[in-house]
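The values are calculated or read from the model by the stated rules, or taken from the named source; none is laboratory data. Since we're looking at a predicted model, the values are computed, not measured. Because the Cβ atoms are built from the backbone with ideal geometry, glycine has one as well, and the counts that use them run over all protein chains shown.
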Amino acid sequence: MSGRGPGDGPAPARDPGLQPERTRLAWRRTTLTCTVVAVLAGRGALRSDPAAVGGAAAAVTAAVWLCFLAVAHRRMRSTAPPRPAALSHRAALAATGCVLGLALAGCLMAVIG
Amino acid sequence: MSDFLQGLRLWFAPRRISEEGDTPDYRFSLANERTFLAWLRTALALVGGGFAVDQFLPDLRWGVRVGLALALIGAGVLCAVRAVNHWVRCERAMRRGEDLPVSRFPVLLALAVGVVSLTMAAVVAWEGAG
């Protein structure tokens, strides 16, 4: 009877399934993907023919990328405790909004630029 | 579609969701979050594909190039919107202890990606030969 069952004693200091860490890594992967797409968007913006379209697309891209970085950073910090709270609606909507912003910049450049 | 509209209302009413049912095990919420992020990456990949078509296939005719780019970016937009919608609905189902929502979306997306890929292959072969 010396074995330690799942319900015994105080809560362990970390999640045995590393769920928070996996979630943080998922945010990191998503940030990397967002960075790649933002770089592609920036490349397209530099080559856009009417410079105004390129400028607008570059501004949207930069704002969106910074916004995504901020959202991901905040969420990665908030998953630090062993039993983190669920993702907030605000963060989910902001991350989705960033993807939509990149898509908007892409439509602008594809059609006009 | 009514499911979608219902979900849409929930996006902006987090308090109404958190009043329902019980807070699920944090591990389920985190798994739901990772699924949401995986769909978001899919959306980003589709948008990135649209950028790639627009930038790296300059020899295509304007209409074909822009059409393909917009189709890919549009699929990315759909995917992102659906990601957040599905996340909200799963969160609510877990709070209420219901079954998780089922969805036709993955099949539709797979078919759309297949059609775009075939179109792409045909277009590249056609323009390369011509």
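When you check A:L87 against the structure, is it under 14 Å from the mean Cα position of the chain (by Cα), assigned to a helix (DSSP H, G or I) and either acidic (D, E) or under 30 Å from B:F12 (Cβ atoms) (or both), yes or no?
Criteria not met by A:L87.
Since B:L40 meets every condition but one in (1) at pLDDT 90 or above; (2) more than 11 Å from the chain's Cα centre (by Cα), which condition does it not meet?
Only one criterion in (1) at pLDDT 90 or above; (2) more than 11 Å from the chain's Cα centre (by Cα) is unmet by B:L40, namely (2).
Could we say that B:G49 is facing another protein chain (nearest Cβ under 9 Å), buried (at least 16 other Cβ atoms within 10 Å of the Cβ) and closer than 24 Å to B:L108 by Cα here?
No: the conditions fail for B:G49.
Which one is farthest from B:V64 (Cα to Cα), of the residues in the range A:93-113 that are of a type in the set (V, I, T) and either more than 7 Å from every other protein chain (Cβ to nearest Cβ) or buried (at least 18 other Cβ atoms within 10 Å of the Cβ) (or both)?
Looking at the filtered set, the residue picked out is A:T96.
Can you tell me which condition B:P14 does not meet? The list is (1) facing chain A (nearest Cβ under 9 Å); (2) over 26 Å from A:E21 (Cα atoms), and all the others hold.
(2)
Condition first: of a type in the set (D, E, K, R) and surrounded by fewer than 18 Cβ atoms within 10 Å (Cβ to Cβ). Now tell me which residues in the range B:17-33 satisfy that.
Residues satisfying the conditions are B:E19, B:E20, B:D22, B:D25, B:R27.
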